[in-house]
Every structure is written in structure tokens, then in C-alpha cells.
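Visitor: There's a structure below that I have some questions on.
The values are calculated or read from the model by the stated rules, or taken from the named source; none is laboratory data. All values reported here derive from a predicted model rather than from experimental measurement. Glycine gets a Cβ as well: all are built from the backbone with ideal geometry, and neighbour counts include every protein chain shown.
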Amino acid sequence: MSYIEDVKIRKILDSRGNPTVEVEVYTMSGGFGRAAAPAGKSTGKHEVKAYPQGEIDAGIKYLKERLDNFIGMDATEQREIDHLLHEIDGTENFSMLGGNVAVAVSLAVAKAAADVLGLSLYQYLGGIYASNIPKPVGNVLGGGKHAINGTIIQEMLSVSLEDDAWNNIYANSLVHKRLGEKLRKRFPDLSIGLGDEKAWVAPLDDEEAISLVVESIDEVKEETGFDIRPALDFAASSFYRNGKYKYHERELNEEEQIEFAEKLVKDYGIYIVEDPLHEEDFEGFAELTKRIGHLAYVVGDDIFVTNSKRLERGIEIGAGNAILIKPNQIGTLTDTYETVKLARENGYACMISHRSGETCDTSISHLGVAFGCEFIKTGAIGGERIAKLNELVRIEEEIRGE
Ligand code: PGA
Ligand code: ZN
């Protein structure tokens, strides 16, 4: 019944107007699943390759020439499908097929299997006890590789902690709005733009930017009456050169960068701090976690790249206490799950995440619920971001039986 009858792959546009892949899986019983891959810009060095030698067409061709392998396979055998993806690729890092092609196939198969069983994706993957809706973490102000003339710290975000998906996503969007008003007042003669993830971009010093975000959060917190906290994604690898972290006005060495992150967490009540150090600095992550792990989530993105081997290395020395989960960093649903499982077993919190280049695919909302992730990072506004946020509201409604 759930045997795969056909697999299609095509190019579609992502939110930056770049080509990405979309895959459709059809089963013999009429089951259907469609999934698209996102695209990173601030990518980790150890992620799997998105496409063979950067060529999307080569990845599509590679899959098309091997599609026969998938026909007749059972869509509910996710591990076998994901094993086959590795097998037809034959490399350690999906450099023949491309991790983006692999992840789109992997997710489309899971969606087709869920469809055959008449289940939502989160129910299929998470079972009947999957009921935790991750708290949304929304990017409201930024720069780094996601914008020109923005802050050096890539993302400044709002985390709403009410026990209701709608209240949380709306509160994050209110913070975004409030911040926009403040920026217009602060820069009356400038037209303030948005970065790749629809966060505001303004010519502000990093700390000044954080204060404005915190002010906006505090005002919205006052109005809504529930807890909202600030978060940061430094994406520190993107401004680390020759042993120094390069800000607008100054350079910090590794110890000074740890002190700076510690100071920001303490001074501004930062709740989540992602990639405060560059992607090879496991020891720095461990040191910072020792200092502030009781106050904040120290999240590894580029350092762990959703890879269980790298996470294992982090666990051994206490680097971080949370991990960012991006399925296309590792290439399959099964690999993603294994990393989440390892994180869970070792007390690391999980934040499922979009990429800066996105489509309206909502898989990560379902994965976030199925895998019991504490957080979901998927923007505050913007069509391709709200597609996922609105899906959370629908999932919550279904879980509550409303
Ligand atoms: P991306 O980065 O541009 O690679 O998606 C987002 C992030 O650093 O979290
Ligand atoms: Zn990041």
C-alpha cells in the first residue's frame, strides 16, 4: 500500500529568489508527500554539501538517474530510504547527491507515508504522545551574512514563553513591529530595510541594537503580561579571522569574546545564545557554558551542524547545553532524529530551525513537535517564515482537539 510508485524532483524558488529543490513522492495507494529544501548562507564548514560542487542541476541529474532504486520501496521504512540515500551518494558528506536533494527526498517520503496512514507528519513521526509545541524564537534585528550594513551579531531575537502558540507567535511579531517604530524614530531620514529572514537592518552598534530589542521586548511583555526574553545568534564564525572576532570598532581575542558573551547574557538577560564562538572552538564553548549555562541556553549551530559525531565531541567536554537542528545540514530525517536523540539523552535542549533561504514548506514545525524540541527558530514575520509559525497554531489546535 505504501509502496513508492513515483518520485519527482524540480527546481523552485526560495525566498532569496535562488533555485532550490522540491521533491514529490507518490505511493501506489495514492499517498502523496511534497517537500522542499531550504538554503543557508551563513553555513557551517562541516555541513554536508548542499549540491555536488555547488551545482543544483548536477544534484537533480544524479537523483533522476537513480530514481529506479526508490520505486517499489515502502515509504514507511524511513530508515531504509535514508540508508539508500547514503548508499547512492557513496560519500561521507553527500557530495555526489547533495544534502539538499537528500533531505527533500527524505522528508517527502515521510510525508507520503503519513498521508497513506491518514496522519499529520508530526503524529506520524512523534506518535500519540507528541504534544509539546516548541516556543517560537523570532529574528527581529540583524546583520552578519544576512544583510548589508547591519549588526555584526547575525541575529537578535525574541522568545515568547506563554503556553499558547498563537499568543507566542503574535507576541514575537509585536516585538518586531515595536522595534520598527523605534528604528524609524531613531533614524528619521533613513529607510530601514529587512534582512534575509525579515529582521530589521539598521546601522547600529551591536550593544545599542541589543538595548533597542530589549526595550521593545519589555514593552510588549508589559502589554501581553507574559514572559518574553531576548536571544542572540552571533554566528561567530562569520566574523572570526586570524584568531580575532572583528566588530565594527574593535577586535576581540578568544577570551575577550567569551567575556563579551558572558557580559551580554548577564546585562541583558539573554535567554538563548547561539554560536557565541567560532565553529572549531569546542573548549571556548565549554568554558562559556560553565560560566553562563545556568542562566542561558548555549546553542551550537555551526559547531555541531546537526551531526551526532560533532555533538558527541561537544558532550564529552560540556560544550554548550543546547543544539540547533537543521535537517539539511546533515541530509536525512533519520540522521536528524539520531542527533536529536543523542542531545536528549545528554540533557541538551533542541531548537529546530529554518535557514535564511526558505520556502513555504512547513516540515520543521512538524519535526519540532514530533521530536519534542524546546524551541523553533523560524523568523517573526515574512511569508516563508509565517507559513511555519501558522502551522504551529494549526498543530496545537489539533493536539488540543479544538
Ligand atoms: P543560514 O544561517 O544563513 O546558514 O541559514 C542561519 C543561522 O546561522 O542560524
Ligand atoms: Zn546560527
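Visitor: Filter region 176-197 down to the residues that are surrounded by fewer than 22 Cβ atoms within 10 Å (Cβ to Cβ) and within 16 Å of ligand 1 (Cβ to nearest atom) and list them by number.
Guide: Passing the criteria: only L194.
Visitor: Restricting to region 310-334, what's the tally of residues that are surrounded by fewer than 24 Cβ atoms within 10 Å (Cβ to Cβ) and closer than 16 Å to E92 by Cα?
Guide: 2
Visitor: Another one. Is it the case that region 336-343 has a residue that's out of contact with any strand residue (DSSP E or B) (no Cβ under 7 Å at 6 or more places or on another chain), more than 16 Å from ligand 2 (Cβ to nearest atom), hydroxyl-bearing (S, T, Y) and in the same structural domain as L194 (by TED's automatic domain parsing)?
Guide: Within region 336-343, one or more residues are out of contact with any strand residue (DSSP E or B) (no Cβ under 7 Å at 6 or more places or on another chain), more than 16 Å from ligand 2 (Cβ to nearest atom), hydroxyl-bearing (S, T, Y) and in the same structural domain as L194 (by TED's automatic domain parsing).
Visitor: Report yes if Y337 is under 19 Å from S353 (Cα atoms) and surrounded by fewer than 24 Cβ atoms within 10 Å (Cβ to Cβ), otherwise no.
Guide: Spelling it out, Y337 is indeed under 19 Å from S353 (Cα atoms) and surrounded by fewer than 24 Cβ atoms within 10 Å (Cβ to Cβ).
Visitor: Looking at (1) hydrophobic (A, V, I, L, M, F, W, C); (2) under 19 Å from the mean Cα position of the chain (by Cα); (3) over 14 Å from I9 (Cβ atoms), can you tell me which one V105 breaks?
Guide: The single condition V105 does not satisfy is (3).
Visitor: Return the pair list, or none, for Cβ contacts closer than 7 Å from residues in region 132-149 that are at positive phi and assigned by TED's automatic domain parsing to the domain that holds A370 to residues that are away from ligand 2 (no atom under 16 Å from the Cβ) and not in a strand (DSSP E or B), at least 6 apart or on different chains.
Guide: N149/P203
Visitor: Specify which of the listed residues (S29, S42) is among the hydroxyl-bearing types (S, T, Y) and surrounded by fewer than 18 Cβ atoms within 10 Å (Cβ to Cβ).
Guide: S29
Residues checked against (1) part of a helix (DSSP H, G or I); (2) at pLDDT 95 or above; (3) in contact with a strand residue (DSSP E or B) (Cβ under 7 Å, 6 or more places away or on another chain):
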site: A35; (1), (2), (3): no, yes, yes
site: K41; (1), (2), (3): no, yes, yes
site: H46; (1), (2), (3): no, yes, no
site: G72; (1), (2), (3): no, yes, yes
site: R79; (1), (2), (3): yes, yes, no
site: V101; (1), (2), (3): yes, yes, yes
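Visitor: Filter region 45-62 down to the residues that are more than 16 Å from ligand 2 (Cβ to nearest atom) and charged (D, E, K, R), then identify the one that is surrounded by the fewest Cβ atoms within 10 Å (Cβ to Cβ).
Guide: D57
Visitor: Ok, one more. Mind telling me which of the residues Y51, Y26 ends up being aromatic (F, W, Y), touching a residue at least 40 places away in the same chain (Cβ under 8 Å) and within 14 Å of G99 (Cβ to Cβ)? Reasoning before the result, please.
Guide: Working: Y26 fails: within 14 Å of G99 (Cβ to Cβ).
Unique residue meeting the criteria: Y51.
Visitor: If you take the residues in region 128-152 that are in a loop (DSSP other than H, G, I, E, B) and hydrophobic (A, V, I, L, M, F, W, C), which one is farthest from ligand 2 (Cβ to nearest atom)?
Guide: I128
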